[in-house]
């Protein structure tokens with residue numbers, strides 16, 4: 001029963017028309033959702049009604065070129081996440097906003113500032129999903145000949161996060177006094193220059209915005225490669241991951257939780273949240289029919305192009321109904337490639353079967369069933385040390401989110417697994433994460 | 001009468017607690033306004049009630065260090081403008097948002113994308129105030145030894161704007177078809193790679209967001225140096241400038257309008273909007289008393305520090321009650337330095353008198369008087385080819401904006417000089433600026 005009193009954390013991963021590669025073609029999907037602010041406002045407010053911890057969005061810094069499927073993929077028109085979340089924060093009250101941003105192509109001063117600004121605007125509801133950018137196509141948009149190699153990107157990511165935290169600590173929490181009488185706007189002793197000089201960055205500081213309400217935005221990490229897990233162990237507070245089975249998820253959970261101690265961190269400081277693609281029906285048959293309806297909308301060129309993009313290799317020379325060939329290791333998203341090869345081998349999939357398998361969840365866990373069946377599955381992972389919560393990936397929008405909020409959330413609440421009201425006003429408070437102490441105040445405490 | 005039918009354009013330049021250097025100390029000012037979202041929401045909605053064309057915000061990329069006045073200047077805690085304006089666009093309907101961003105320190109792909117996103121989120125209400133960054137203190141935050149020299153910054157600015165426009169044109173306006181039947185999300189013939197290779201940037205494109213509703217956000221320019229005026233002549237649609245007298249403003253107006261023809265542009269494609277610092281009273285005596293109340297709140301260290309920052313030179317070795325010494329030419333904001341030296345010489349000001357003179361408007365035009373007196377002055381510049389409109393800079397907030405909206409705007413409306421309702425839904429429509437044609441469609445038209 002004590003396990004039951006622990007609460008699930010839920011993210012809502014809500015891209016445009018939905019998660020399924022053919023979502024935008026679904027009769028009830030908002031086909032222009034990726035660039036429709038009223039649509040986003042509606043789904044943000046629905047997710048908040050469902051008491052989700054956070055609204056999550058992925059991001060890339062290039063148009064995803066899909067050879068063979070030009071014009072058929074629903075990519076390319078989307079809002080930029082931080083601007084979108086700023087606007088959505090003005091029309092919501094409690095839900096958090098986790099925006100993806102790249103340590104490989106962005107600048108730390110500009111990035112630290114915009115996330116601090118989002119955290120202030122939203123009253124402490126910002127999260128930063130740290131990525132090193134999985135797609136090599138970004139390089140050409142930033143004057144680079146080639147995408148930096150995987151290991152280098154992660155070395156830069158560590159330094160980038162350190163710089164960002166240093167900048168967020170520029171001002172102590174009580175630096176601003178704004179005393180009209182004495183004419184002191186801030187206490188000059190409570191502002192600090194960073195003077196960082198590292199391998200990738202040289203940044204003086206201070207940041208020209210006050211410390212974020214949360215201290216730092218919640219740090220999220222979404223790569224499951226060896227480098228990614230180590231970055232998470234050192235810095236992340238939430239890890240988003242793709243896991244297919246309870247056993248794999250348990251192993252992953254134990255692995256990343258086990259990396260915390262050497263950085264002086266405790267297991268509860270990192271929330272493990274696998275992605276879940278739920279297809280909800282009043283009956284199991286209805287759920288299966290819903291799923292099949294989406295699968296039937298997959299254009300073959302789009303399915304193959306999606307697979308090629310995720311696996312980092314051109315597969316056009318191989319027969320669709322033959323096996324997945326041996327592949328060279330990618331420099332893009334390593335953990336995604338490994339996962340898909342593993343799935344193909346395990347199920348003995350042809351290329352066509354593999355793209356059909358990933359067309360919805362892209363390698364995340366797919367659960368097709370009734371609200372009770374879905375809640376059973378989620379509970380099973382939650383109580384068996386495979387997850388602290390889940391990042392929910394509705395098949396199409398807005399309907400797929402409505403289904404989850406109206407049918408599955410009440411079932412989770414009935415079981416005592418999920419909140420019926422927000423515990424706090426900030427994302428940290430709702431996730432049960434402590435507010436980081438300013439490093440300059442830490443130094444001071446050590447001296448005293 | 002035909003002159004009367006032409007309409008004034010009005011910007012509202014609304015930083016935190018207000019424009020006066022001591023604004024935050026005013027009893028009715030919102031002293032934490034720079035970081036108070038509810039305050040910004042209130043003043044944005046007030047400006048929209050006043051039918052302002054746009055809300056304008058300046059920006060810098062470093063904390064403005066003010067030697068001798070540490071802790072006493074109201075700088076350092078502010079929101080980042082693009083995130084703030086995204087949020088404000090969600091709680092307003094018609095007013096535009098002109099955000100300042102730097103071509104010297106930002107990246108063109110990231111910048112083009114965030115402004116496109118703001119333009120989409122707001123339904124076509126975004127403007128970009130292009131600056132090369134006037135403060136050398138930014139360099140240290142971006143790994144540079146020194147602030148690039150003025151002329152170099154402007155060469156980069158031209159290339160940056162060209163790249164941004166090329167990226168905004170990546171998708172033709174009707175590229176997205178989202179045809180659920182044929183499974184075409186976009187027309188692949190209507191997407192274009194930029195493949196820019198220039199002196200400062202190498203950018204492949206396409207941009208990963210649809211063309212902004214306005215084609216491009218409205219391009220604004222705020223430097224009045226020779227380089228700045230030439231940049232405006234080639235690219236700007238609004239120019240914000242500091243002018244002290246009708247004659248100087250007329251000369252500036254004729255100068256910049258005269259630069260348009262050689263770029264194939266007509267005079268109405270650039271709106272000249274001098275800054276105005278209005279102190280409004282029911283009587284002239286009340287207005288003067290209001291102004292004096294603010295002047296009395298200037299801490300001497302803050303006054304001197306403000307002057308030093310604007311003029312780009314350390315003046316601490318000179319007596320406050322002596323004349324302004326001869327100064328070396330700055331590499332920061334050249335036109336601001338020239339303006340302040342000119343003011344000092346013309347009025348035979350001491351250093352103290354000069355900082356008192358600029359403490360409110362920083363070199364912009366100060367008008368202290370009744371609504372009728374202020375409207376007379378604005379009308380005089382407007383009908384005498386000195387201005388197409390004004391960027392209104394309230395002394396303190398929210399009160400100074402309330403005064404202008406409740407007392408001066410009705411007077412301008414009574415005279416037929418200013419709208420009583422917005423003409424359009426986009427910033428371009430309200431400013432009377434045409435929507436730029438996509439350069440790829442231009443090429444196509446030329447071939448046909």
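Odds and ends about this structure:
- Note on segment B:167-197: among residues that are part of a helix (DSSP H, G or I) and out of contact with any helix residue (DSSP H, G or I) (no Cβ under 7 Å at 6 or more places or on another chain), the one that is nearest to the other protein chains (Cβ to nearest Cβ) is B:188.
- Flag if residue A:408 is within 21 Å of residue A:54 (Cα to Cα) and assigned to a helix (DSSP H, G or I): yes
- A single entry from A:99, A:12 fulfils the requirement of being crowded, with 22+ Cβ neighbours inside 10 Å, at pLDDT 95 or above and either away from every other protein chain (no Cβ under 12 Å) or more than 27 Å from residue A:422 (Cα to Cα) (or both): A:12.
- Segment B:314-330 - residue that is closer than 26 Å to residue B:240 by Cβ and crowded, with 17+ Cβ neighbours inside 10 Å and, of those, farthest from the other protein chains (Cβ to nearest Cβ): B:324
- Segment B:106-128, residues that are at negative phi and surrounded by fewer than 23 Cβ atoms within 10 Å (Cβ to Cβ): B:106, B:107, B:110, B:111
- No other residue among A:158, A:120, A:147 is touching a residue at least 60 places away in the same chain (Cβ under 8 Å), under 30 Å from residue A:423 (Cβ atoms) and outside any strand (DSSP E or B) apart from A:120.
- Residue B:10 in contact (Cβ under 8 Å) with a residue 12 or more places away in the chain, closer than 25 Å to residue B:315 by Cα and in contact with a strand residue (DSSP E or B) (Cβ under 8 Å, 6 or more places away or on another chain): no
- Test result for residue B:134, over 20 Å from residue B:436 (Cα atoms) and either free of Cβ contacts under 8 Å to residues at least 40 places away in the same chain or surrounded by fewer than 16 Cβ atoms within 10 Å (Cβ to Cβ) (or both): no
Okay, residues lined up against (1) part of a loop (DSSP other than H, G, I, E, B); (2) in contact with a helix residue (DSSP H, G or I) (Cβ under 8 Å, 6 or more places away or on another chain); (3) at pLDDT below 95:
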| position | (1), (2), (3) |
| --- | --- |
| A:403 | no, no, no |
| A:421 | yes, no, no |
| A:430 | no, no, no |
| A:433 | yes, yes, no |
| A:442 | no, no, yes |
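- Those residues of segment B:15-32 which are under 21 Å from residue B:309 (Cβ atoms), more than 9 Å from every other protein chain (Cβ to nearest Cβ) and more than 19 Å from the chain's Cα centre (by Cα), in sequence order: B:23
- For segment A:198-227, the set of residues classified as more than 9 Å from chain B (Cβ to nearest Cβ), over 16 Å from residue A:165 (Cβ atoms) and surrounded by 17 or more Cβ atoms within 10 Å (Cβ to Cβ) consists of A:222, A:223, A:224, A:225, A:227, listed by residue number.
- When A:94, A:125 are screened for being within 15 Å of residue B:37 (Cα to Cα) and in contact with a helix residue (DSSP H, G or I) (Cβ under 7 Å, 6 or more places away or on another chain), only A:125 passes.
- The one condition in (1) without any contact (Cβ under 8 Å) to a residue 40 or more places away in the chain; (2) under 29 Å from residue A:26 (Cβ atoms) that residue A:411 fails to fulfil: (1)
- Selection status of residue A:281, closer than 28 Å to residue A:60 by Cα and either more than 14 Å from chain B (Cβ to nearest Cβ) or surrounded by 18 or more Cβ atoms within 10 Å (Cβ to Cβ) (or both): no
- The helices (runs of 4 or more DSSP H) located wholly in segment A:236-329 that include 2 or more residues which are farther than 23 Å from residue A:11 by Cα and out of contact with any strand residue (DSSP E or B) (no Cβ under 8 Å at 6 or more places or on another chain) occupy A:284-295, A:300-311.
- Test: residue in segment A:80-94 that is surrounded by fewer than 22 Cβ atoms within 10 Å (Cβ to Cβ), away from chain B (no Cβ under 13 Å) and touching a residue at least 60 places away in the same chain (Cβ under 8 Å): yes
- For residue A:140, the conditions (1) surrounded by fewer than 21 Cβ atoms within 10 Å (Cβ to Cβ); (2) within 14 Å of chain B (Cβ to nearest Cβ); (3) assigned to a loop (DSSP other than H, G, I, E, B) all hold with the exception of (3).
- Evaluating residue A:65 against the criteria (1) within 7 Å of chain B (Cβ to nearest Cβ); (2) in contact with a helix residue (DSSP H, G or I) (Cβ under 7 Å, 6 or more places away or on another chain); (3) assigned to a loop (DSSP other than H, G, I, E, B) leaves one unmet condition, (1).
- For segment A:45-62, a residue qualifies if it is under 15 Å from residue A:309 (Cβ atoms) and away from chain B (no Cβ under 14 Å), but none of them does.
- The condition of being more than 30 Å from residue A:415 (Cβ to Cβ) and touching a helix residue (DSSP H, G or I) at 6+ places or on another chain (Cβ under 8 Å) holds for only one of A:370, A:330, A:350, that being A:330.
The values are calculated or read from the model by the stated rules, or taken from the named source; none is laboratory data. Here the structure is a predicted model, which is why all the values come from computation and not from measurement. Here the Cβ is made from the backbone with ideal geometry for all residues, glycine too, and neighbour counts use every protein chain on show.
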